[in-house]
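Heads up: the structure comes next, in structure tokens.
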Amino acid sequence: MPDGTPPQPIETADDGSRAGRGPGRILVAVYAVFALAATGRATLQISEYFHRAPVAYLLSALAAVIYLVATVALARGDRTSVKVATVSCTIELLGVLVVGALSYVDHEAFPDKTVWSHFGSGYGYVPLVLPVVGLLWLRQVRRHRAPVA
Amino acid sequence: MLLPVTIAVLVCASALAVASGIVTARDRRAGTGLLLLAGVTELAVVAQLVAGVVLLTSSSHDVSAALFIAYLVGLVVVVPLAVFWALGEPTRWGPGVLTVAALVVLVLVARLHQLWSGTGA
């Protein structure tokens with residue numbers, strides 16, 4: 001019966017975790033690697049020689065938290081998680097751009113490396129590419145969920 | 001740094017990277033062969049952990065023990081986690097995850113070697 005309201009998109013069982021499925025599996029895997037690497041680096045820097053470069057090391061810790069959040073959100077992939085993942089990927093992109101640029105301009109604030117310094121050159125520039133790929137993938141996931149005419 | 005073990009890890013991880021890369025490219029899911037190869041790689045990596053810890057405790061090498069052990073432990077957890085994550089994906093992207101893991105193992109071994117030989121902090 002036509003009642004004037006458009007049909008609501010139906011949440012199918014596999015729709016709930018689409019963000020972490022298919023190519024998303026690879027994305028989650030790479031994010032997990034960076035979560036592990038950033039957490040390890042931040043833990044070591046803060047516990048062993050925090051006084052050397054507090055700003056850089058706190059940024060390392062921030063990066064670690066963001067990678068962890070993005071990994072979990074992408075793996076879960078429900079509606080809320082997709083939003084959380086989008087926010088964390090955006091912060092991550094801003095982080096790598098700002099820290100990357102600052103690390104070239106202001107050497108004194110970044111005497112020691114973070115995951116994001118020099119646009120992630122120490123990690124094969126993956127930290128720069130990863131949030132872009134992540135945001136594109138999340139856009140794809142959201143489009144797939146939009147009601148189809 | 002106990003060269004035979006390191007070479008074994010490099011050979012296994014390279015084989016895993018290539019084999020799982022081919023499976024992904026051919027759009028197949030992960031089969032028993034790939035899982036066996038992942039298992040052998042894990043054995044080699046565990047041998048590397050043991051060799052690394054023995055070397056660290058038996059010689060007075062100028063290397064950060066915490067960092068060195070962190071890399072060794074990271075090396076050991078990567079493959080099992082990847083296999084777990086790959087098994088949940090019955091498409092080409094399952095083996096794709098194994099490719100990522102194998103490449104990570106290669107990078108970690110390279111970094112481990114750098115740490116041991118004192119080039120790059």
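Derivation of every value follows stated rules applied to the coordinates shown; laboratory data play no part. Keep in mind that what you see is a predicted model, and the values were worked out from it rather than measured. No Cβ is skipped: glycine too gets one built from the backbone with ideal geometry, and neighbour counts run over all protein chains shown.
Descending by average beta-carbon neighbour count within 10 Å, the peptides A:113-125, A:47-59 line up as A:113-125, A:47-59, the highest first.
Once a ≥ b ≥ c are taken as the square roots of the eigenvalues of the Cα gyration tensor of the protein assembly as shown, is the result rounded (a/c under 1.5), prolate (a/b larger than b/c) or oblate (a/b not larger than b/c)?
It comes out oblate by the Cα gyration axes.
In chain B, helical runs assigned H by DSSP with n ≥ 4 each contribute -39500 (n - 2.57); averaged across all residues and rounded to the nearest 500, the mean residue ellipticity at 222 nm is -28500 deg cm²/dmol.
Between B:V23, B:V63, B:V109, the residue with the greatest mean-square fluctuation in the GNM of chain B (Cα pairs under 10 Å linked by springs) is B:V63. Each of B:Y71, A:Y31 has some number of other Cβ atoms within 10 Å of its Cβ, and from fewest to most they run B:Y71, A:Y31.
Taking only Cα atoms, what is the 0 to 90° angle, nearest 10, from helix B:65-87's long axis to the longest principal axis of chain B? Taking Cα atoms only, the helix is inclined about 10 degrees. Computed from backbone phi with θ = phi - 60° and the Karplus coefficients 6.51, -1.76 and 1.60, the 3J(HN,Hα) list for region A:56-65 is 4, 6, 5, 5, 4, 5, 4, 4, 4, 4 Hz; x is used for glycine and proline. Computed on chain B, with alpha-carbon pairs under 8 angstrom and 6+ residues apart, the relative contact order is 39 percent.
Taking every residue in B:91-101 and counting other chain Cβ atoms within 10 Å of its Cβ, the average works out to 4.
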